[in-house]
């Protein structure tokens, strides 16, 4: 049973915490198994109890984040001793295999290159806007690598690198930032939702996809992504609640990058951490160092595993930092000082991973060169594609609004076609 | 709810209920969910018996959160289901508007037709039932204004069945407005005959077909020669009473039931107005920037040279719904419609 002498096994001392003694584990905290709570609620609670029992801890200990942020890599790239990783009973995170780590590093390098290429393309006026995830690449890569082929991902507008790491063509991901009218890729082909701009609305889509899969008896896990600011939105609440009530395997992945455009986290939430929000809905929460590729992968992979095994949602908060402005249209100097940015630069996810892999003997100069060259190739093809004028048929804007056009849309389409033909004719006579 | 035969009267509510159970019977991917729709059968009992018959996986209660209902419907539809969701009342649907406007309406377009969302959003709407505040809104204009949504509103028991079946079968999202005041109205309809009519009408269109189809299918529900009264949903029955009364005064009114606001059957509108040369548009919703405004504008654009008189509107006043003690002063009444008919320039 629970070893209460281990610092991470017992919850923070607070008066209202449940008893963590083995007896409490056996009977369960009364609030969760009270017969008065109603038939379905009791059933739900027993699932959480079942999971927590298998780890020898209370339901509260299972749902509350571990005592400290999960971290496996020091800022200098060396492995944190196991007893200092923040893990404990029920919060154990095995370090991913070497080949997975190497794959993650390759994606990190490509992701960073794509971020910086896009940033440059906007400055050159070849892309309309780009919300960069520079500094958050560990979260981006982890989100893609933790999922199986049949799983789904629901990303936000800042998750391009995650979508690309999942296998979608970078050009297709970028077209909406160029100003095209559509999302670029086929969500069903990649099992990646169209990147969502209205904050947290996509979390509910994730819950619905998981619910449909569950009704059909499929074990699809859905990764629902959002940022720290988005946790203030109502749909965040509704999504966590629906997922918990319907017991569907959704992993809510919150990238806490410190700012919602200019507003810091302290203005968004007074919760001890965003991971603490989980327990209020009856799901487990965990907080991880979002700039630690090893820990991000380890926690995400286990969350996906638990979600699939137990058909239960989980919440993971990754603490990271948006190194660049919200978009190129933003002036970050108005709300944060350079010093803060410099501090985070020292926690760069790429450098930490590079040092680890080099020390492990998994990365030498030749491999580095090869990985960098592959990333450069992606950037070059993006550059080239974005420099070309997109070939688009303006008339297509009428074609997908309904399965078959209404009479009014047909008339408007003809009107635009006539106008376009007129332009062509005019140009032809010049 | 048992299937009624021709000999007993069928209610609007049982027609809707049977439409859902027939659709669920035919297609396993049809799921019904919302607030109180399971055990209780809905506050209006429209989903009565569906959970018992099809099980809790096919018809179930959700947490009390309309955005959650609409948002999870999006995900379900992405993943192969055909959700029929209930918003408990017109004004309770507003928390779901972001999901409806930003995703349900736009998903097909922003994915170039790769992801279509065959969702039906059922909304009990309108007044005339003594409902208290926040229970009687006519909110159709918000949805009709949003490209990508279809907006159906049946006015008869037969259409309640036929149009809900079609809404569930269509690949586009449909906002299905059910006039509350008609729920317990009855007609001598045989539900199995309606079922047969629906099933045999798949590839039909036009006057003889019940299908709304891609371009709308408004019906002339009373023939006349002097004036066209255009209406939809809860107002159609009031308009028919007014037309009856007008006939006693020697005015022959033709009544057009739009059935769907989107798609909008402009040709039927033009046809009746060109025939009669006069038009009155009747709807419960406030008149300012309304569906009635749009109908009036289209008549002006298309029928100007056929008109013997300005087009008039009889709508609710531009006020929050005055529930329930004063609602009779707000809703278009037979008298108010007759007054409008009187105002049309008859001395030509």
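Place a point 7 Å from Cα of residue A:149 in the direction of its Cβ. Which residues in segment A:227-266 have their backbone N less than 17 Å from it?
Of the residues in segment A:227-266, none has backbone N under 17 Å from the label point off residue A:149.
Using only C-alpha positions, report the orientation-averaged shadow area of the convex hull of segment A:299-421, nm², one decimal.
Numbers: hull surface 63.8 nm².
It is 16.0 nm².
Taking the square root of 5 times each eigenvalue of the Cα gyration tensor, what semi-axes in Å does the equivalent ellipsoid of segment B:10-199 have, largest first? Could the numbers behind the result be given before it?
Numbers: eigenvalues 104, 75, 54 Å².
They are 23, 19, 16 Å, listed from largest to smallest.
On a 0 to 90° scale, report how tilted helix A:234-245 is relative to the longest principal axis of chain A, with both axes built from alpha carbons and the result rounded to the nearest 10.
Computed tilt is about 50 degrees.
For segment A:151-225 and segment A:318-385, compute the distance between their C-alpha centroids and round to whole Å.
23 Å
With 27 Å as the cut-off, how large is the P(r) tail for segment A:49-207, expressed as percent of Cα-Cα pairs?
For segment A:49-207, the share of Cα pairs beyond 27 Å comes to 38 percent.
Give the order of A:152, B:184 when sorted by the count of other beta carbons within 10 angstrom, beginning with the fewest. Working shown, then result.
Numbers: A:152 26, B:184 12.
Listing A:152, B:184 from fewest to most nearby Cβ atoms yields B:184, A:152.
How far apart, in nm, are the 7 Å Cα→Cβ label points at residue B:326 and residue B:249?
Result: 2.6 nm between the two label points.
How large is the translational diffusion coefficient of segment B:38-104 in µm² per second when you combine the Kirkwood radius over alpha carbon pairs with Stokes-Einstein at 20 °C and 1.002 mPa s? It would help to have the intermediate numbers written out before the result.
Numbers: Rh = 12.6 Å.
For the chosen part, D equals 170 µm²/s.
In nm, what is the difference between 0.36 nm times the number of residues separating residue B:288 and residue B:52 and their Cα-Cα distance?
Numbers: separation 236, 0.36 × 236 = 84.96 nm, distance 4.44 nm.
Extending this stretch completely gives an extra 80.5 nm.
Quick one: if the Förster radius is 51 Å, what FRET efficiency do residue B:241 and residue A:392 give, using the C-beta to C-beta distance and rounding to 0.05? Walk me through the numbers on the way to the answer.
Values: r = 53 Å, r/R0 = 1.04.
My answer for the efficiency is 0.45.
Let me test this: with uniform point scatterers at the alpha carbons of chain B, what is the Debye-based log₁₀ I(q)/I(0) at q = 0.06, 0.08, 0.13, 0.15 1/Å?
Per q value, in the given order, log10 I(q)/I(0) is -0.20, -0.37, -0.98, -1.30.
With a 10 Å Cβ neighbour count serving as the proxy for reagent exposure, in which order, fewest first, do A:231, B:296 appear? Intermediate values should be presented prior to the final figure.
On the way: A:231 25, B:296 20.
Lowest to highest Cβ neighbour count: B:296, A:231.
Provide the gained length on full extension for the span residue B:267 to residue B:184, in nm with one decimal, where the gain is 0.36 nm per separating residue minus the Cα-Cα distance.
Numbers: separation 83, 0.36 × 83 = 29.88 nm, distance 3.21 nm.
Value of the extension gain: 26.7 nm.
At q = 0.20, 0.24, 0.28, 0.34 Å⁻¹, work out log10 I(q)/I(0) for segment A:139-182 with the Debye formula, treating every Cα as an identical point scatterer and leaving solvent out; two decimals please.
Evaluating at q = 0.20, 0.24, 0.28, 0.34 Å⁻¹ gives log10 I(q)/I(0) of -0.61, -0.83, -1.03, -1.28.
Points 7 angstrom from Cα along the Cβ direction at residue A:369 and residue B:171: gap in nanometres?
Modelled inter-label distance: 5.3 nm.
Pick from A:289, A:159, A:186 the residue whose mean-square fluctuation is largest in a GNM of chain A, springs joining Cα atoms under 10 Å.
A:186
Between residue A:219 and residue B:134, what FRET efficiency comes out of the Förster formula 1/(1 + (r/R0)^6) with R0 = 35 Å and r the beta carbon distance, rounded to 0.05? Numbers along the way, then the final one.
Details: r = 42 Å, r/R0 = 1.19.
Once rounded, the FRET efficiency stands at 0.25.
What Kirkwood hydrodynamic radius do you get for segment A:102-155 when you take the inverse of the mean 1/r over all pairs of distinct Cα atoms, in Å? It would help to have the intermediate numbers written out before the result.
Working: mean 1/r = 0.0815 Å⁻¹.
Computed over Cα pairs of segment A:102-155, the Kirkwood hydrodynamic radius comes out at 12.3 Å.
Where does chain A land at 222 nm, in deg cm²/dmol rounded to the nearest 500, when only DSSP H runs of n ≥ 4 count, each adding -39500 (n - 2.57), divided by all residues?
Per the formula, -14500 deg cm²/dmol.
In degrees between 0 and 90, to the nearest 10, how far off the longest principal axis of chain A does helix A:365-387 point, with axes built from Cα atoms?
The two axes meet at around 40 degrees.
Counting just the Cα atoms, what span does segment B:181-285 cover along each of its three principal axes? Round to the nearest Å and put the largest first.
Per principal axis, max minus min of the Cα coordinates gives 41, 31, 25 Å.
Bin all alpha-carbon pair distances of the protein assembly as shown at 20 Å intervals from 0 and give each bin's fraction as a whole percent.
Here the calculated profile for the protein assembly as shown is 15, 41, 30, 12, 1.
How far apart, in nm, are two points set 7 Å out from the Cα along the Cα-to-Cβ line at residue A:116 and at residue B:27?
5.1 nm
Work out how far the C-alpha atoms of segment B:189-241 reach from end to end along every principal axis, then list the three figures in whole Å, largest first.
35, 25, 19
Taking 0.36 nm per residue of separation and subtracting the Cα-Cα distance, what length does fully extending residue A:381 through residue A:128 add?
89.3 nm
Roughly how compact is chain A, stated as its Cα Rg over 2.2 N^0.38 Å to two decimals? If you can, show how the numbers build up before the last one.
Working: Rg = 23.7 Å, N = 430, 2.2 N^0.38 = 22.0 Å.
Rounded to two decimals, the normalised Rg is 1.08.
Treat segment B:236-302 as a sphere of radius equal to its Kirkwood radius over Cα pairs and apply Stokes-Einstein at 20 °C in a medium of 1.002 mPa s; give the translational diffusion coefficient in µm²/s, rounded to a whole number. Walk me through the numbers on the way to the answer.
Working: Rh = 12.8 Å.
Translational diffusion coefficient: 167 µm²/s.
How do A:292, B:265 rank when sorted from fewest to most other Cβ atoms within 10 Å of their own Cβ?
Details: A:292 31, B:265 22.
Listed from fewest to most nearby Cβ atoms, that is B:265, A:292.
Once the Cα gyration tensor of segment B:236-348 is found, what semi-axes does its equivalent ellipsoid get, as square roots of 5 times the eigenvalues, in whole Å, sorted largest first? Could the numbers behind the result be given before it?
On the way: eigenvalues 100, 64, 32 Å².
Largest first, segment B:236-348 gives 22, 18, 13 Å.
With a/c under 1.5 counting as rounded, go ahead and sort segment B:67-154 into rounded, prolate or oblate using the C-alpha gyration tensor (a ≥ b ≥ c being the square roots of the eigenvalues; past the cut-off, prolate if a/b is larger than b/c, else oblate). Intermediate results must be reported in sequence, preceding the final value.
Working: a/c = 2.36, a/b = 1.91, b/c = 1.23.
It is prolate, given that a/c is not under 1.5 and a/b is the larger ratio.
Any read-out appearing in this document is the output of simple, stated calculations on the displayed coordinates, not a laboratory observation. This structure is a prediction, so every number in the text was calculated from the model and none was measured. All Cβ positions, even for glycine, are placed from backbone atoms using ideal geometry, and neighbour counts span all protein chains on display.
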